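To start, the structure under review is shown below, and the notes come after it.
The values are calculated or read from the model by the stated rules, or taken from the named source; none is laboratory data. These numbers come from a predicted model, not from an experiment. Heads up, the Cβs are rebuilt from the backbone with ideal geometry, glycines too, and the neighbour counts pull from every protein chain shown. Please note that ligands, DNA and RNA were not included when accessible areas were found on the heavy atoms of the full protein model with its side chains. Shrake-Rupley method; radii C 1.70, N 1.55, O 1.52, S 1.80 Å.
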Amino acid sequence: MLTDYRVRQREYLLEISRALTAQLNLDELLHMVLEAATKMMAGQAGLIALRSPNGSFTIRASHGLPRALVPYFEPLLTDIPDDADRTRFHIPGLADKLGRVVAGLGLRLQQVVALPMSIKRELIGVLYVFRAYGTRFTADDRQILASFADQAAIAVHNAQLYERLSQEKRRLDAILEYSADGVMILDSAHRIVVFNRALAQLSGWSAAEALGRHHDEVIRWARLETHQDLKSAVAGGWPLPSARPLYVEGDLRRRGGGTIGVGITYAPLFDRDGRLVNLIANVRDITRFREADEIKSTFISVISHELKTPVALIKGYADTLLREDARWDAETMRESLMVIAEEADRLNQLIDNLLDASRLQAGALPLEMDQVALDALAERVARHFRTQTEIHEIVVNFPPDFPVVEGDEERLEQVLNNLVSNAIKYSPKGGRIEISGRALPNEVVITVSDQGVGIPFEEQPRVFERFFRGARERHQRTPGAGLGLYLVKAIVEAHDGRIWVESNPGEGAAFSFTIPRRQTS
Ligand code: ADP
């Protein structure tokens, strides 16, 4: 009986609407909608076209049609009116279009009904149902389908929102996870709910271990540089009422030992009623920043010390010589003037080194290339230094026929000067200093060795750093700016060479560098 059929139809409609609202997966939802719609209309196939943000329609789901044939139904999407009102909704020539499509495909679909899916008068899609036999869709059919389409539209809209939201969430998760800074999100009870990869690396805690724990269990300070941490700030009333981010800096205890310098910015997140929902913490490794800071302060203290000593000496001797109440014999005059001249040279040298270092910072070191006989150069440098020391024996040891290399002679002399003057400076009890050369097929190796105090193992990797000075040197205030080896390394590398040091602490040090032999064919 017809009425019976209608009753069942309505019951079915109610049941399916309930199922639809629970479904958040858009693809599955569209499928359910289509299946229900075709069944209710006693149809054989159906399609759903959804409107994309640019306004055009695309087929998003089909039912009862071979998948490969679905694209052929696209002509049915043309001329869809913008009017979401279902009483006026009409796609012109729809039956003809279907006729043409199915004729080409050899399908037996004869009737079509299309109804708008709309939300608040806005058209979000169109639902099509097809029948294979000749019975026309009645006004009643249209009405049933229309109210179903409206229900379906709400569910589709929800699923679309949900899809967009989860996409957004996935994108945010990815940003958080791969952010170069550590990121942590706390709930209102300060329990960790998000802990990203960078933070796992910084802190030594894996995300799995950290999640769910209280903030204070994971963030433990070995030393604080700011006057408060999260706990004391919260005790003092943070974040209300200022709601300003809180910055905490210091040395963080890493899990499994050691510490790391970090700065953490905590930003509060409130709900509409002003209740704290989350704290978002950004954790930054400030090691490099501290290093730069340290370089700056060493620079200032070293330079002021290095400048002051010669200036004080020059001033002292000059003042003495200028005293009008005294007469100086020629010998004293000469000695004083020698000191002044030597100290002026030292100042000059320091200024040159500083200029070279800042030039290096700014870019490359320009070289004036020429043919250089390193054996003759070593001899010259040795001769110069022999006049400056009586307790050191300076020997030069090169094989005969030592090859000439290409290089900047003045700069290479600066390298040898630096290495030999260090060898003298760091063997205060004297000893043998040797400049030796070896020729290998592709390069020459020059070594300057001494029998001095040597270099502690932990300092050996750092001696070529800018402004680096050994702990002992800083302690004993041995003059020096920690620039010599930095410049030496830069010059050697500008020649495409390498430099390294070998030293047994207490037994002396040997610095070696290579200069490539260019094949002159
Ligand atoms: P400076 O001599 O002005 O301190 P350098 O850059 O020439 O600066 O050397 C850096 C550090 O390397 C020195 O402070 C010293 O600790 C160490 N060093 C350099 N040469 C020697 C050497 N021949 N023997 C022992 N230590 C050395």
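When residue 247 is tested against (1) open to solvent by 40 Å² or more (accessible area, probe 1.4 Å); (2) farther than 21 Å from residue 287 by Cα; (3) in a strand (DSSP E or B); (4) not acidic (Asp, Glu), just one condition goes unmet, and that condition is (2). The single condition from (1) open to solvent by 50 Å² or more (accessible area, probe 1.4 Å); (2) under 23 Å from residue 389 (Cα atoms); (3) more than 12 Å from the ligand (Cβ to nearest atom) that residue 507 fails is (3). Looking across the range 432-458, just one residue is near the ligand (Cβ under 9 Å from one of its atoms), open to solvent by 30 Å² or more (accessible area, probe 1.4 Å), of a type outside the set (A, V, I, L, M) and farther than 21 Å from residue 378 by Cα, and that is 456. On the basis of being assigned by TED's automatic domain parsing to the domain that holds residue 18, closer than 27 Å to residue 22 by Cβ and either touching a residue at least 24 places away in the same chain (Cβ under 8 Å) or open to solvent by less than 50 Å² (accessible area, probe 1.4 Å) (or both), does residue 163 make the cut? So residue 163 fits the description; yes. If you go through the range 280-288 one residue at a time, do you hit one that is touching a Gly at 6+ places or on another chain (Cβ under 6 Å) and within 27 Å of residue 357 (Cβ to Cβ)? Yes - at least one qualifying residue is present in the range 280-288.
When you scan the range 468-478, how many residues do you find that are within 31 Å of the chain's Cα centre (by Cα) and more than 8 Å from the ligand (Cβ to nearest atom)? Looking only at that region, the number is 0.
Just for the range 374-431: of the residues that are among the aromatic types (Phe, Trp, Tyr) and open to solvent by 30 Å² or more (accessible area, probe 1.4 Å), which one is farthest from residue 510 (Cα to Cα)? Here the residue is 398. Regarding residue 124, is this residue surrounded by fewer than 21 Cβ atoms within 10 Å (Cβ to Cβ) and modelled with pLDDT of 90 or more? Against the criterion (surrounded by fewer than 21 Cβ atoms within 10 Å (Cβ to Cβ) and modelled with pLDDT of 90 or more), residue 124 qualifies.
So, in the range 76-110, exactly how many residues are open to solvent by less than 60 Å² (accessible area, probe 1.4 Å) and out of contact with any strand residue (DSSP E or B) (no Cβ under 7 Å at 6 or more places or on another chain)? I'd like the intermediate steps shown before the answer.
Here is the first cut: in the range 76-110, the residues open to solvent by less than 60 Å² (accessible area, probe 1.4 Å) are 76-77, 80-81, 83-85, 89, 91, 93-94, 97-99, 101-102, 105, 107, 109.
Now drop any that are not out of contact with any strand residue (DSSP E or B) (no Cβ under 7 Å at 6 or more places or on another chain), which leaves 81, 83, 85, 93, 97, 99, 101-102, 105, 107.
Total satisfying the criteria: 10.
Return yes or no: is residue 47 part of a helix (DSSP H, G or I) and open to solvent by less than 60 Å² (accessible area, probe 1.4 Å)? Talk me through it step by step, then tell me what you get.
Details: part of a helix (DSSP H, G or I): no; open to solvent by less than 60 Å² (accessible area, probe 1.4 Å): yes.
No.
Within the range 479-497, the set of residues being in contact with a helix residue (DSSP H, G or I) (Cβ under 7 Å, 6 or more places away or on another chain) and more than 7 Å from the ligand (Cβ to nearest atom) comprises 479, 487, 488, 490, 491, 492.
Looking at residue 181, is it under 26 Å from residue 121 (Cβ atoms) and of a type in the set (Asp, Glu)? Can you show your working first?
Numbers: under 26 Å from residue 121 (Cβ atoms): no; of a type in the set (Asp, Glu): yes.
Answer is no for this residue.
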